[in-house]
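Novice: My structure is below; once you've seen it, I'll send some questions.
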Amino acid sequence: MERDSQLKLYGQVADQLKEAHSRVRSLQVPDGVRMALNRKLLVVTAAAKHDLPGAARLLDRLMKDLDEGRFPEGD
């Protein structure tokens, strides 16, 4: 039973990561901002390997920031 919920969460995170990558790619923002967003996506991807629920929370927060137009400052 727990394995099924883990697989479901993995699928949800994978789908949401694909959407996030697509959204970041299509944003009209300076390169530094895009790089900062891509680093956040890499952090989520790395976290998913060790802490899937934590990665899901990070990704939800990132998606909310994107929805609300809150972007990190570029280098």
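The values are calculated or read from the model by the stated rules, or taken from the named source; none is laboratory data. All of these numbers come straight from a predicted model, not from anything done at the bench. Here Cβ is always computed from backbone atoms with ideal geometry, including for glycine, and neighbour counts include all displayed protein chains. To get the accessible areas, we keep the full protein, side chains included, count just its heavy atoms, and leave off ligands, DNA and RNA. Shrake-Rupley method; radii C 1.70, N 1.55, O 1.52, S 1.80 Å.
Novice: To the nearest 20 debye, what charge dipole does the chain have about its Cα centre, counting +1 at the Cβ of each Lys and Arg and -1 at the Cβ of each Asp and Glu?
Specialist: Values: 13 positive and 12 negative charges, 26 e Å.
Dipole size: approximately 120 debye.
Novice: Then there's this: State in Å² the accessible area per residue of region 1-65; use a 1.4 Å probe, count heavy atoms of protein chains only, and round to the nearest integer. Don't skip to the end; give the middle numbers.
Specialist: Values: 4550 Å² over 65 residues.
Value returned for region 1-65: 70 Å² of accessible area per residue.
Novice: Given N residues in the chain, what is Rg(Cα) / (2.2 N^0.38 Å)? Walk me through the numbers before you get to the answer.
Specialist: Working: Rg = 13.0 Å, N = 75, 2.2 N^0.38 = 11.3 Å.
Expressed relative to 2.2 N^0.38 Å, the Cα Rg reads 1.15.
Novice: Another one. Any aspartates and glutamates with Cα under 14 Å of the LYS18 Cα? List them, leaving off those in the same chain fewer than 8 positions away.
Specialist: Reachable aspartates and glutamates: ASP60.
Novice: Right, something else. Just subtract the alpha-carbon distance of ASP67 and GLU2 from 0.36 nm times their residue separation and send over the number in nm, one decimal.
Specialist: Values: separation 65, 0.36 × 65 = 23.40 nm, distance 3.12 nm.
Length difference between fully extended and current span is 20.3 nm.
Novice: Evaluate E = 1/(1 + (r/R0)^6) for GLN28 and ARG57, where r is the Cβ-Cβ distance and R0 equals 22 Å; express this FRET efficiency to the nearest 0.05.
Specialist: Values: r = 28 Å, r/R0 = 1.26.
Result of the calculation: an efficiency of 0.20.
Novice: Using a 1.4 Å probe on the protein heavy atoms, what percent of the accessible area of the chain belongs to carbon and sulfur? Don't jump to the answer; show the numbers that get you there.
Specialist: Values: 2840 of 5400 Å².
The value for the chain is 53 percent carbon and sulfur by accessible area.
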